[in-house]
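Colleague: The structure that follows is given in the form of C-alpha coordinates.
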Amino acid sequence: MNAMSDSPSSAARPVDLEGLLVTAEDLSVAGLDEFTELESPSSDEDPPPMTGPTQELTTLLNRAFQDKAAREVRTSFMNADSTIVVDEGVSERAAGAALAWMADMRAVYTHCSAWTMSVGGEEITVGLLDPADDPSEPLKVERKFGDEALMRTMLAGAAGQQARITTLLVRDGDRALELTFRSLAGDPDGPEEARLATVMSKFLALAPARFLGLPVGEETHG
(Lines give C-alpha, C1' and ligand atoms only; values in the text may rest on other atoms or scores of the structure.)
Protein backbone atom coordinates (compact mmCIF):
# COMPACT_ATOMS: atom_id res chain seq x y z
CA MET A 1 0.00 0.00 0.00
CA ASN A 2 1.41 3.39 -0.99
CA ALA A 3 2.51 5.80 1.69
CA MET A 4 0.16 8.56 0.62
CA SER A 5 -3.05 6.58 0.11
CA ASP A 6 -4.69 8.31 3.07
CA SER A 7 -3.70 11.83 2.01
CA PRO A 8 -6.31 14.28 0.66
CA SER A 9 -6.99 13.74 -3.04
CA SER A 10 -5.63 16.34 -5.42
CA ALA A 11 -9.15 17.18 -6.54
CA ALA A 12 -10.14 18.00 -2.95
CA ARG A 13 -7.23 20.37 -2.33
CA PRO A 14 -6.75 24.00 -3.43
CA VAL A 15 -7.08 24.82 -7.11
CA ASP A 16 -4.50 27.58 -6.59
CA LEU A 17 -1.23 25.78 -7.31
CA GLU A 18 0.77 28.53 -5.63
CA GLY A 19 -0.77 27.41 -2.34
CA LEU A 20 1.10 24.11 -2.73
CA LEU A 21 4.54 25.75 -2.93
CA VAL A 22 6.91 26.34 -0.04
CA THR A 23 6.70 29.94 1.14
CA ALA A 24 9.34 32.23 2.63
CA GLU A 25 7.50 31.95 5.94
CA ASP A 26 7.87 28.17 5.89
CA LEU A 27 11.66 28.38 5.87
CA SER A 28 12.09 29.61 9.43
CA VAL A 29 9.66 27.03 10.79
CA ALA A 30 11.62 24.29 9.03
CA GLY A 31 14.99 25.48 10.34
CA LEU A 32 16.05 26.84 6.96
CA ASP A 33 16.68 30.45 8.02
CA GLU A 34 19.82 30.72 5.86
CA PHE A 35 17.67 30.44 2.72
CA THR A 36 15.86 33.32 1.07
CA GLU A 37 13.37 33.28 -1.78
CA LEU A 38 14.70 34.55 -5.10
CA GLU A 39 12.79 37.32 -6.87
CA SER A 40 12.33 35.04 -9.88
CA PRO A 41 12.76 31.26 -10.19
CA SER A 42 16.22 30.22 -11.32
CA SER A 43 14.82 27.44 -13.53
CA ASP A 44 12.41 29.46 -15.70
CA GLU A 45 14.38 28.87 -18.90
CA ASP A 46 13.57 25.93 -21.14
CA PRO A 47 15.98 22.98 -20.84
CA PRO A 48 18.74 22.91 -23.49
CA PRO A 49 18.79 20.32 -26.31
CA MET A 50 20.06 16.93 -25.17
CA THR A 51 21.76 14.07 -26.96
CA GLY A 52 21.61 10.48 -25.74
CA PRO A 53 23.57 7.38 -26.73
CA THR A 54 20.99 6.51 -29.42
CA GLN A 55 18.47 8.45 -31.50
CA GLU A 56 15.64 6.76 -29.61
CA LEU A 57 17.07 7.84 -26.27
CA THR A 58 17.73 11.36 -27.58
CA THR A 59 14.04 11.62 -28.43
CA LEU A 60 13.10 10.29 -24.99
CA LEU A 61 15.43 12.71 -23.18
CA ASN A 62 14.09 15.78 -24.95
CA ARG A 63 10.47 14.70 -24.63
CA ALA A 64 10.86 14.07 -20.89
CA PHE A 65 12.87 17.14 -19.93
CA GLN A 66 10.98 19.53 -22.21
CA ASP A 67 7.53 18.33 -21.18
CA LYS A 68 5.10 21.23 -20.73
CA ALA A 69 2.34 21.15 -18.14
CA ALA A 70 -1.08 22.70 -18.62
CA ARG A 71 -0.43 24.90 -15.56
CA GLU A 72 2.75 25.38 -13.58
CA VAL A 73 4.10 27.62 -10.82
CA ARG A 74 7.71 27.80 -9.65
CA THR A 75 9.85 29.26 -6.90
CA SER A 76 13.53 29.14 -5.93
CA PHE A 77 15.54 29.58 -2.74
CA MET A 78 19.25 30.27 -2.18
CA ASN A 79 21.37 30.01 0.93
CA ALA A 80 23.41 32.86 2.41
CA ASP A 81 26.69 32.07 0.63
CA SER A 82 25.03 31.12 -2.68
CA THR A 83 26.38 27.57 -2.64
CA ILE A 84 23.00 25.78 -2.67
CA VAL A 85 19.97 26.64 -4.80
CA VAL A 86 16.66 24.84 -4.34
CA ASP A 87 14.14 25.01 -7.20
CA GLU A 88 10.54 23.97 -6.70
CA GLY A 89 7.79 23.57 -9.26
CA VAL A 90 4.19 22.43 -8.93
CA SER A 91 2.25 21.59 -12.06
CA GLU A 92 -1.10 20.27 -13.16
CA ARG A 93 -1.41 18.26 -16.35
CA ALA A 94 -4.22 16.93 -18.51
CA ALA A 95 -5.78 13.65 -17.38
CA GLY A 96 -3.15 10.90 -17.62
CA ALA A 97 -0.36 13.23 -18.76
CA ALA A 98 1.41 13.31 -15.39
CA LEU A 99 1.47 9.51 -15.35
CA ALA A 100 2.96 9.44 -18.86
CA TRP A 101 5.56 12.06 -17.97
CA MET A 102 6.67 10.14 -14.90
CA ALA A 103 6.97 7.02 -17.05
CA ASP A 104 9.21 8.93 -19.46
CA MET A 105 11.41 10.21 -16.63
CA ARG A 106 11.67 6.72 -15.18
CA ALA A 107 12.70 5.41 -18.61
CA VAL A 108 15.38 8.12 -18.87
CA TYR A 109 16.86 7.16 -15.53
CA THR A 110 16.67 3.46 -16.41
CA HIS A 111 18.22 3.59 -19.86
CA CYS A 112 20.49 6.66 -19.85
CA SER A 113 23.51 6.55 -17.56
CA ALA A 114 24.97 9.59 -19.35
CA TRP A 115 24.07 12.13 -22.03
CA THR A 116 25.15 15.56 -23.26
CA MET A 117 23.35 18.90 -23.35
CA SER A 118 24.15 21.85 -25.58
CA VAL A 119 24.56 25.14 -23.69
CA GLY A 120 25.79 28.21 -25.54
CA GLY A 121 27.45 26.10 -28.21
CA GLU A 122 29.24 23.97 -25.62
CA GLU A 123 28.51 20.28 -25.07
CA ILE A 124 28.25 19.47 -21.36
CA THR A 125 28.30 15.87 -20.18
CA VAL A 126 25.68 14.77 -17.66
CA GLY A 127 26.20 11.55 -15.74
CA LEU A 128 23.62 9.80 -13.61
CA LEU A 129 24.80 8.76 -10.17
CA ASP A 130 24.05 5.14 -9.33
CA PRO A 131 21.37 5.16 -6.59
CA ALA A 132 23.47 2.65 -4.65
CA ASP A 133 26.28 5.21 -4.48
CA ASP A 134 24.07 8.20 -3.68
CA PRO A 135 24.20 9.21 0.01
CA SER A 136 20.75 10.81 -0.30
CA GLU A 137 19.33 7.26 -0.54
CA PRO A 138 16.84 8.04 -3.34
CA LEU A 139 15.23 4.61 -3.41
CA LYS A 140 14.23 4.97 0.24
CA VAL A 141 12.98 8.51 -0.30
CA GLU A 142 10.82 7.46 -3.26
CA ARG A 143 8.76 5.12 -1.09
CA LYS A 144 7.51 7.99 1.07
CA PHE A 145 5.55 10.24 -1.22
CA GLY A 146 2.43 10.51 -3.35
CA ASP A 147 0.99 8.09 -5.89
CA GLU A 148 4.56 7.62 -7.09
CA ALA A 149 7.91 9.33 -6.65
CA LEU A 150 11.26 9.31 -8.42
CA MET A 151 14.56 10.75 -7.18
CA ARG A 152 17.99 10.80 -8.81
CA THR A 153 21.27 12.73 -8.69
CA MET A 154 23.10 13.92 -11.79
CA LEU A 155 26.64 15.29 -12.11
CA ALA A 156 27.11 17.83 -14.91
CA GLY A 157 30.35 19.25 -16.30
CA ALA A 158 34.04 18.44 -16.24
CA ALA A 159 35.63 16.55 -13.37
CA GLY A 160 36.61 18.91 -10.56
CA GLN A 161 34.02 21.48 -11.64
CA GLN A 162 30.92 19.34 -11.64
CA ALA A 163 27.51 20.62 -10.65
CA ARG A 164 25.49 18.26 -8.48
CA ILE A 165 21.79 18.22 -9.33
CA THR A 166 19.43 16.11 -7.25
CA THR A 167 15.76 16.07 -8.23
CA LEU A 168 12.73 14.58 -6.50
CA LEU A 169 9.59 14.13 -8.59
CA VAL A 170 6.30 13.36 -6.85
CA ARG A 171 3.03 12.63 -8.64
CA ASP A 172 -0.31 13.08 -6.94
CA GLY A 173 -3.06 12.32 -9.43
CA ASP A 174 -2.61 14.76 -12.32
CA ARG A 175 -0.41 17.10 -10.28
CA ALA A 176 3.35 16.86 -9.93
CA LEU A 177 6.03 18.31 -7.69
CA GLU A 178 9.61 18.91 -8.85
CA LEU A 179 12.11 19.66 -6.11
CA THR A 180 15.69 20.19 -7.29
CA PHE A 181 18.86 20.83 -5.30
CA ARG A 182 21.79 22.43 -7.13
CA SER A 183 25.32 22.76 -5.78
CA LEU A 184 28.93 22.03 -6.68
CA ALA A 185 29.98 18.44 -6.23
CA GLY A 186 32.40 18.27 -3.32
CA ASP A 187 34.36 15.84 -1.18
CA PRO A 188 31.91 13.09 -0.16
CA ASP A 189 33.35 13.20 3.35
CA GLY A 190 33.68 16.99 3.54
CA PRO A 191 31.66 19.50 5.55
CA GLU A 192 29.85 20.88 2.50
CA GLU A 193 28.37 17.48 1.71
CA ALA A 194 27.19 17.13 5.29
CA ARG A 195 25.67 20.59 5.11
CA LEU A 196 23.90 19.71 1.84
CA ALA A 197 22.53 16.50 3.38
CA THR A 198 21.03 18.48 6.27
CA VAL A 199 19.46 21.02 3.92
CA MET A 200 18.02 18.29 1.72
CA SER A 201 16.48 16.44 4.65
CA LYS A 202 14.74 19.61 5.83
CA PHE A 203 13.37 20.50 2.40
CA LEU A 204 12.28 16.88 1.85
CA ALA A 205 10.28 17.09 5.07
CA LEU A 206 8.77 20.42 4.03
CA ALA A 207 8.02 20.62 0.30
CA PRO A 208 6.29 17.25 -0.32
CA ALA A 209 4.16 17.70 2.80
CA ARG A 210 2.94 21.11 1.64
CA PHE A 211 2.32 19.76 -1.88
CA LEU A 212 0.36 16.76 -0.57
CA GLY A 213 -1.63 18.75 1.98
CA LEU A 214 -0.04 17.08 5.00
CA PRO A 215 1.21 18.62 8.24
CA VAL A 216 4.91 19.44 7.91
CA GLY A 217 7.04 16.84 9.63
CA GLU A 218 4.34 14.14 9.57
CA GLU A 219 5.65 10.64 8.90
CA THR A 220 4.77 9.81 5.32
CA HIS A 221 5.73 6.18 5.01
CA GLY A 222 3.72 3.23 6.11
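The values are calculated or read from the model by the stated rules, or taken from the named source; none is laboratory data. As the structure is a computational prediction, the values presented were derived from the model and not from experiment. So basically every Cβ, Gly included, is an ideal-geometry build from the backbone, and we count neighbours across all protein chains shown. Please note that ligands, DNA and RNA were not included when accessible areas were found on the heavy atoms of the full protein model with its side chains. Shrake-Rupley method; radii C 1.70, N 1.55, O 1.52, S 1.80 Å.
Colleague: Computing the accessible area with a 1.4 Å probe over protein heavy atoms, can you report the carbon and sulfur percentage for segment 17-88?
Modeller: So the carbon and sulfur contribution to the accessible surface is 49 percent.
Colleague: Right, another one. What number, in percent, do you get for the relative contact order of segment 24-173 if the mean sequence gap of Cα pairs under 8 Å and at least 6 apart is divided by its residue count?
Modeller: Over segment 24-173, the number comes to 18 percent.
Colleague: Check which residues have an amide H placed less than 5 Å from residue 185's amide H, if you skip close sequence neighbours.
Modeller: Amide H to amide H, under 5 Å and 5 or more residues apart or across chains, residue 185 pairs with 162, 163, 164.
Colleague: Pop out the Kirkwood hydrodynamic radius of the chain from its pairwise C-alpha distances, inverse of mean 1/r, in Å to one decimal. Can you show the working numbers first?
Modeller: On the way: mean 1/r = 0.0557 Å⁻¹.
Across the chain, the inverse of the average 1/r is 18.0 Å.
Colleague: Quick one: accessible surface of residue 202, probe radius 1.4 Å, all protein chains present, in square angstrom to the nearest 10.
Modeller: Approximately 70 Å² of residue 202 is accessible to the 1.4 Å probe.
Colleague: Right, something else. Could you work out the mean projected area of the convex hull around the alpha carbons of segment 25-79, in square nanometres to one decimal?
Modeller: 5.7
Colleague: Let me ask another. Using a cut-off of 28 Å between alpha-carbon atoms, which lysines can reach residue 202, once sequence neighbours fewer than 8 places away in the same chain are excluded?
Modeller: 140, 144
Colleague: Determine the equivalent ellipsoid of segment 53-113 by diagonalising the alpha-carbon gyration tensor, then write out the semi-axes as square roots of 5 times the eigenvalues, largest first, rounded to whole Å. Before the final figure, lay out the partial values.
Modeller: Details: eigenvalues 131, 68, 15 Å².
Over the Cα atoms of segment 53-113, the ellipsoid semi-axes are 26, 18, 9 Å.
Colleague: If you build the Cα gyration tensor of segment 81-170 and take the root of 5 times each eigenvalue, what three semi-axes come out, in whole angstrom, biggest first?
Modeller: 24, 17, 15
Colleague: Also, I was wondering about something else. Taking GluC sites (Glu not before Pro) as exposed when DSSP calls them loop (any state but H, G, I, E, B) and at most 15 other Cβ atoms lie within 10 Å, what is the longest stretch of the chain free of them, the sites themselves excluded?
Modeller: It works out to 46-217.
Colleague: Something else: Taking only DSSP H segments of four or more residues, each worth -39500 (n - 2.57), what value at 222 nm results for the chain once the sum is divided by all its residues, to the nearest 500 deg cm²/dmol?
Modeller: Details: 5 runs with 59 residues, N = 222.
So the calculated ellipticity at 222 nm is -8000 deg cm²/dmol.
Colleague: Same structure again: Please give the net charge around residue 152, taking every other residue with its beta carbon less than 10 angstrom from that of residue 152, where Lys and Arg add +1 and Asp and Glu add -1.
Modeller: In short, -2.
Colleague: Apply the Karplus parameterisation 6.51 cos²θ - 1.76 cosθ + 1.60, with θ equal to phi minus 60°, to every residue of segment 173-180 and state each ³J(HN,Hα) to the nearest whole Hz, in sequence, with x for glycine and proline.
Modeller: x, 9, 9, 9, 10, 10, 10, 10
Colleague: How much net charge surrounds residue 104 when only other residues with a Cβ under 9 Å from its Cβ are counted (Lys, Arg +1; Asp, Glu -1)? Display every interim value, and only then the final one.
Modeller: Values: positive: 63, 106; negative: 67.
My count for the surroundings of residue 104 gives +1.
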